Amino acid sequence: MKQKRIFIAGFGGQGVLLIGQLIAYAAMYENKNVTWMPSYGPEVRGGTANCTVIISDETIASPLVSTCDILTVMNGPSLERFEHMLIPGGELFINQSIISEKNSRADISVNYVDCTGIAIEKLGNEKTANMVMLGAMIKKAGIVETAAMKKAFEAVFIGSKAKLISLNLEALNSWEGKGDSRN
Amino acid sequence: MKEKKLMKGNEAFALAAIRSGCRFYFGYPITPQNEIPEYMSRELPKIGGSFIQAESELAAINMAYGAAASGGRVFISSSSPGIALMQESISILASVQLPVVILNVMRGGPGIGSIQPAQGDYNQVTRGGGNGDYHVIVYAPNSIQEAMDMIAKAYDVADEYRNPVMIAADGMLGQMMEPVDLPEDKGGIKAGDITKVKPWALTGHKDMRDRIAMNSVWLKQDQLEDYINSYWPKYEKAEQELAEYETRSLQAAEVVFVSFGSTSRITLEAMRLLEREGIKAGLIRPKTLWPFPFHAFDEISAKTKQIISVELSKGQMMQDVKLAVSGRWPVGLISRVGGMLLDPLEIVLKTKEILEVR
Amino acid sequence: MRTVFEYTKGMRDTEMTYCPGCTHGIAHRLIMEVLGEKNVLGSTIGVSPVGCSIVAHRFMNVDMLESPHGRAPAVASGIKRVHPDNFVFTYQGDGDLASIGTAEIVHAAHRGEKFCTFFVNNAIYGMTGGQMAPTTLIGQKSTTCVDGRTKEQAGMPVKMSELIATIDGAVFVERVALNSPGNVRKAKKAIEKAFDVQEKKLGFAFVELLSSCPTNWGLPPVDALGWIKENLIPYYPVKQFRCPQEVSL
């Protein structure tokens, strides 16, 4: 791997920034160069949130991207707004639980993940939906090893959140990689 | 092995200040630097330091003035409009010759402007901003790691020169995360040791010495002139000794970019793209904005045909670039303002336009 | 021979440059006398304002820092963080404290900052040449209200002690006047109590001193003292607004 540019977008509160941060931690534990750059604006609940993560063997120049190798969209507006950023052959991850639209491109690999459905049915906790998506991204697009992600969990989920680690690890493996159930 | 940690810029800056011995922080919320007062309010009380959420930037910088005059190691942070509010007291800090480290997480202006990254404070930070004859020493980091290292250095330079030192970061560096090596913890100065380390500081005369009075007012203008002339040599020394810069690929460069801070990273990306198209580009990156690294421009090769200032302001830095170039090469400008960022492809496109027109 | 009066250790042996009849000299001396009697001149740091008393550091024999206009309470807050056990005070005029510096004084009081503020109220801008102050009385003439201040044009004069006394953190608030020997003695008592409050770390202490400005009032010094009694005191009553039990004896 030379460089992977990952763009994750959704509503505020969906854990979009957290998914990116966990990837950044894991990449650091694999001794990669990494940058995490959020969009920021006036603090408004339910506003849009997105972040860019770049992982590279070389020093990273700009932490911003105009195109990306992996695009994860957690809500409908983000699919419409950012789909063009993905390079041909790139991996698109769609939160199928709340996005009814299909993607419009044929030159990319599309992965539909029923984040909320899996979180409720398999894990019994709706709040693990973002970890289901993170697991899907790792499983399909590589990005980082699960061992490094476990270390990332241990760095981020501390104190009262430490008890979430085992459930989140379970969530990482919960997506079975099936396509769009609506097909 | 050093401690490696993934940190958000603003938190890393605050941590670097604490590890440099800062025990006093006074702040007022302003985006995009709010993680700094939040971090300081959590961490300083744990190590015997003090945090005050001031009623305004005016109050914050004056709390810093009082604490610095008393011999405390002080950190102040704000963003462009907040720094503008502080300028009167920064002028006083320079006049009274007090060491304070000030972080400016720059955003779009003028006025209240936008909260996105910008460099329109170039004139504000390099040309004083307050009234009278003084300079502020200004460092311009382009990564979180470099910002942490510069903060540590800024404390030493501020003490050595007895002058305010500013770190000009921006919203991008403040908000992004990168892995960093944590700097060594120098520990704070004990209150009882202040007189030893800073004999000029206000501590009360303890009936051991004459009273110390610090003032920036001089009712006799000839005395004020003498006073300014007495400290001015330190600025001449700073111009000789403090200017720092980085160069990339100057030898065979057809075009040389001048760019600082986070913009220099985007410029580096553009240079890679230009290389693929057969255009050789070099870079001069000022790491200090005052003193500006004028002598860096003597390293530019005879093969170079064009200098381009790449900045997030309307050519504010270009004025210094033109001074440095002194008519030896044509100087162009690629810029975005108001909080809009440059895109590497945009730099490539505009560079080609400038080269064609020439 | 018995010494009945001598130069106080707290004042520097230098020519006093305030106008003849100005009560800044009395206010300076009272504060320094109290600190001298408490034997704490060596552990005191004062903050001088912008205004006539910008030169207070020339006369007061303690470490002093000159503040930007109005910001003295913020400056003192910073000093007190580095030296919590030293005595710290601000000395401010009415333009400095009641106009440009209202935010700083109100918030220092709210934080319950453990320093003392001495507020010299002479109802006029002195150093700049007699302009209207926030405390200028209705009908009082100044260079920016030559026919006298009106409520319609400038509002009513600000009563700072009353305002500060509404703030929980301000545990000691008293207004005194420097117009007669009896009132000067009462002023000294108030200053003593203010420093006692600081010594016991009880909170913020505020003393307003009604003062004269013969030059800008256009009066001879003795008449100016009379003007304090006849005009200032009726609008700004001399009284103790708040005092904690620990120092009330």
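Miscellaneous remarks
- Residue check, A:ARG45 more than 9 Å from chain B (Cβ to nearest Cβ), farther than 17 Å from A:ASN95 by Cα and modelled with pLDDT of 95 or more: no
- Extreme residue, surrounded by the fewest Cβ atoms within 10 Å (Cβ to Cβ), among residues of the range A:47-80 that are in a helix (DSSP H, G or I) and touching a residue at least 24 places away in the same chain (Cβ under 8 Å): A:PRO77
- Residue ID - surrounded by the fewest Cβ atoms within 10 Å (Cβ to Cβ), chosen from residues in the range C:57-82 that are assigned to a helix (DSSP H, G or I) and among the hydrophobic types (A, V, I, L, M, F, W, C): C:PHE59
- Hey, B:LEU242 more than 30 Å from A:LEU64 (Cβ to Cβ), within 14 Å of another protein chain (Cβ to nearest Cβ) and at pLDDT 95 or above or not: no
- Just one of the listed residues (C:VAL40, C:VAL50) is more than 7 Å from chain B (Cβ to nearest Cβ), surrounded by fewer than 24 Cβ atoms within 10 Å (Cβ to Cβ), under 29 Å from C:ASN216 (Cβ atoms) and in contact (Cβ under 8 Å) with a residue 40 or more places away in the chain, namely C:VAL50.
- Looking across the range A:2-31, not a single residue is at positive phi, surrounded by fewer than 21 Cβ atoms within 10 Å (Cβ to Cβ) and touching a residue at least 40 places away in the same chain (Cβ under 8 Å).
- Filter result (touching a Pro at 6+ places or on another chain (Cβ under 8 Å) and in a loop (DSSP other than H, G, I, E, B)) within the range B:8-21: B:SER20
- The range B:252-358 holds helices (runs of 4 or more DSSP H) entirely within its bounds, and those carrying 3 or more residues that are under 23 Å from B:SER80 (Cα atoms) map to B:261-276, B:316-325.
Matching residues to (1) under 20 Å from B:SER326 (Cβ atoms); (2) within 11 Å of another protein chain (Cβ to nearest Cβ):
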{"position": "B:GLY261", "(1), (2)": "no, no"}
{"position": "B:THR267", "(1), (2)": "no, yes"}
{"position": "B:ALA270", "(1), (2)": "no, yes"}
{"position": "B:GLU275", "(1), (2)": "no, no"}
{"position": "B:ALA281", "(1), (2)": "no, no"}
{"position": "B:PRO286", "(1), (2)": "yes, no"}
{"position": "B:LEU289", "(1), (2)": "yes, no"}
{"position": "B:PRO293", "(1), (2)": "yes, no"}
{"position": "B:ALA296", "(1), (2)": "yes, no"}
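- Unmet criterion (only one of (1) within 23 Å of B:ARG73 (Cα to Cα); (2) part of a helix (DSSP H, G or I)) for B:TRP200: (2)
- Hey, C:ALA170 under 17 Å from B:MET63 (Cβ atoms) and among the hydrophobic types (A, V, I, L, M, F, W, C) or not: no
- Test: B:ALA252 is surrounded by fewer than 16 Cβ atoms within 10 Å (Cβ to Cβ), outside the structural domain of B:GLY113 (by TED's automatic domain parsing), touching a strand residue (DSSP E or B) at 6+ places or on another chain (Cβ under 9 Å) and of a type in the set (A, V, I, L, M, F, W, C): yes
- At least 2 residues being away from chain C (no Cβ under 14 Å) and under 20 Å from B:VAL157 (Cα atoms) is the threshold, and among the helices (runs of 4 or more DSSP H) wholly inside the range B:22-135 those reaching it are B:122-126.
- Assessment of the range A:4-17 against the conditions (more than 12 Å from every other protein chain (Cβ to nearest Cβ), outside any loop (DSSP other than H, G, I, E, B) and basic (Lys, Arg)) yields at least one matching residue.
- Filtered residues of the range B:201-226 (kept if loosely packed, with under 14 Cβ neighbours inside 10 Å and within 14 Å of chain C (Cβ to nearest Cβ)): B:LYS206, B:ASP207, B:MET208, B:ARG209, B:ASP210, B:VAL217, B:LEU219, B:LYS220, B:GLN223
- Only a single criterion out of (1) modelled with pLDDT under 90; (2) out of contact with any strand residue (DSSP E or B) (no Cβ under 7 Å at 6 or more places or on another chain); (3) farther than 23 Å from B:MET271 by Cα is not satisfied by A:MET1, namely (3).
- For the range B:160-167, the count of residues that are assigned to a helix (DSSP H, G or I), among the hydroxyl-bearing types (Ser, Thr, Tyr) and in contact (Cβ under 8 Å) with a residue 12 or more places away in the chain is nonzero.
- Members of the range C:146-162 found to be surrounded by fewer than 17 Cβ atoms within 10 Å (Cβ to Cβ) and either touching a helix residue (DSSP H, G or I) at 6+ places or on another chain (Cβ under 8 Å) or assigned to a helix (DSSP H, G or I) (or both), listed by number: C:LYS151, C:GLU152, C:GLN153, C:ALA154, C:GLU162
- Considering B:LYS350, B:LYS305, the condition of being in contact with a strand residue (DSSP E or B) (Cβ under 6 Å, 6 or more places away or on another chain), surrounded by fewer than 19 Cβ atoms within 10 Å (Cβ to Cβ) and modelled with pLDDT of 95 or more is satisfied by B:LYS350 alone.
- Per-region count, the range C:61-79, residues more than 8 Å from chain B (Cβ to nearest Cβ) and more than 14 Å from the chain's Cα centre (by Cα): 1
- Per the listing B:GLY128, B:GLY113, the residue uniquely assigned by TED's automatic domain parsing to the domain that holds B:LEU173, at positive phi and over 17 Å from the mean Cα position of the chain (by Cα) is B:GLY113.
- Lone qualifier among C:VAL88, C:VAL120 - being over 23 Å from B:THR203 (Cα atoms), more than 8 Å from chain B (Cβ to nearest Cβ), aliphatic (A, V, I, L, M) and touching a helix residue (DSSP H, G or I) at 6+ places or on another chain (Cβ under 6 Å): C:VAL120
- Residues being hydroxyl-bearing (Ser, Thr, Tyr) and outside any helix (DSSP H, G or I) - total across the range C:200-240: 3
The values are calculated or read from the model by the stated rules, or taken from the named source; none is laboratory data. On a predicted model such as this, the values are computed, not experimentally measured, just so you know. Neighbour counts are summed over all protein chains in view; Cβ atoms, including those assigned to glycine, are modelled from backbone coordinates with ideal geometry.
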